[in-house]
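Colleague: Take a look at this one; I'll ask things after.
The values are calculated or read from the model by the stated rules, or taken from the named source; none is laboratory data. Predicted model, so just to flag it, every value in this text is computed and none were measured. Virtual Cβ from ideal backbone geometry, glycine too; neighbours counted across all protein chains shown. Just the protein is used for accessible areas: all its heavy atoms, side chains included, with ligands, DNA and RNA removed. Shrake-Rupley method; radii C 1.70, N 1.55, O 1.52, S 1.80 Å.
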Amino acid sequence: MVVEPWTSSGPPKGEVAIPEFASEVVHGARLRCVWVNALGTMTFAVVGSDRFLKWAHTHGEADLSGEAERMRWARRYATVPEVVDCGKAPDGSAWLLTGALEGTSAVAERWKAEPRRAVQALGEG
């Protein structure tokens, strides 16, 4: 699989190839890419559920097991997604399966139109 080099983070620009192992992790559910960061790490919504699958290819920049541990710890003190599972794919890439949170992204069009309000809400959070 070839990952397009993105220059910024955000929703994918065009079609994204789903990693081969992903179907096993989500028990055959359909995935829809919702976010790609500048390193090529992708987040997929698990269609028809309240789960998200984050995938980092083998570039080594993302430590998803470390992220999972930090999220488990932070959950005692803040609202963060529940870690459902994490692991390594046969190709060495890493994945993290989480629950969803209620709300909208701070970079949704609604909040881009009201940046002052979005920043204030983030600060209060």
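Colleague: State whether one or more residues within region 89-111 are open to solvent by 50 Å² or more (accessible area, probe 1.4 Å), free of Cβ contacts under 8 Å to residues at least 40 places away in the same chain, assigned to a helix (DSSP H, G or I) and not acidic (Asp, Glu).
Modeller: Checking region 89-111: at least one residue is open to solvent by 50 Å² or more (accessible area, probe 1.4 Å), free of Cβ contacts under 8 Å to residues at least 40 places away in the same chain, assigned to a helix (DSSP H, G or I) and not acidic (Asp, Glu).
Colleague: Could you please give the count of residues in region 66-110 that are more than 18 Å from Thr43 (Cβ to Cβ) and of a type in the set (A, V, I, L, M, F, W, C)?
Modeller: The total comes to 2.
Colleague: Could you please give the count of residues in region 18-30 that are under 14 Å from Leu96 (Cα atoms) and surrounded by 15 or more Cβ atoms within 10 Å (Cβ to Cβ)? So that I can check it myself, show each step before the final result.
Modeller: Of all residues in region 18-30, those under 14 Å from Leu96 (Cα atoms) come to 19, 21-26.
Going one step further and asking which of them are surrounded by 15 or more Cβ atoms within 10 Å (Cβ to Cβ), we end up with 19, 21-22, 25-26.
The number of residues fulfilling the criteria is 5.
Colleague: Applying the selection to region 45-72, what residues are β-branched (Val, Ile, Thr) and surrounded by fewer than 19 Cβ atoms within 10 Å (Cβ to Cβ)?
Modeller: Step one: of region 45-72, the residues β-branched (Val, Ile, Thr) are 46-47, 58.
Answer for region 45-72, where residues must be β-branched (Val, Ile, Thr) and surrounded by fewer than 19 Cβ atoms within 10 Å (Cβ to Cβ): Val47, Thr58.
Colleague: So in region 31-44, with the set limited to residues that are hydrophobic (A, V, I, L, M, F, W, C) and assigned to a strand (DSSP E or B), which one is surrounded by the most Cβ atoms within 10 Å (Cβ to Cβ)?
Modeller: Ranking the candidates gives Phe44 first.
Colleague: Assuming Phe21 fulfils every condition listed in (1) in contact with an Asp or Glu (Cβ under 8 Å, 6 or more places away or on another chain); (2) at pLDDT 90 or above apart from one, which condition is it?
Modeller: So the condition that Phe21 fails would be (2).
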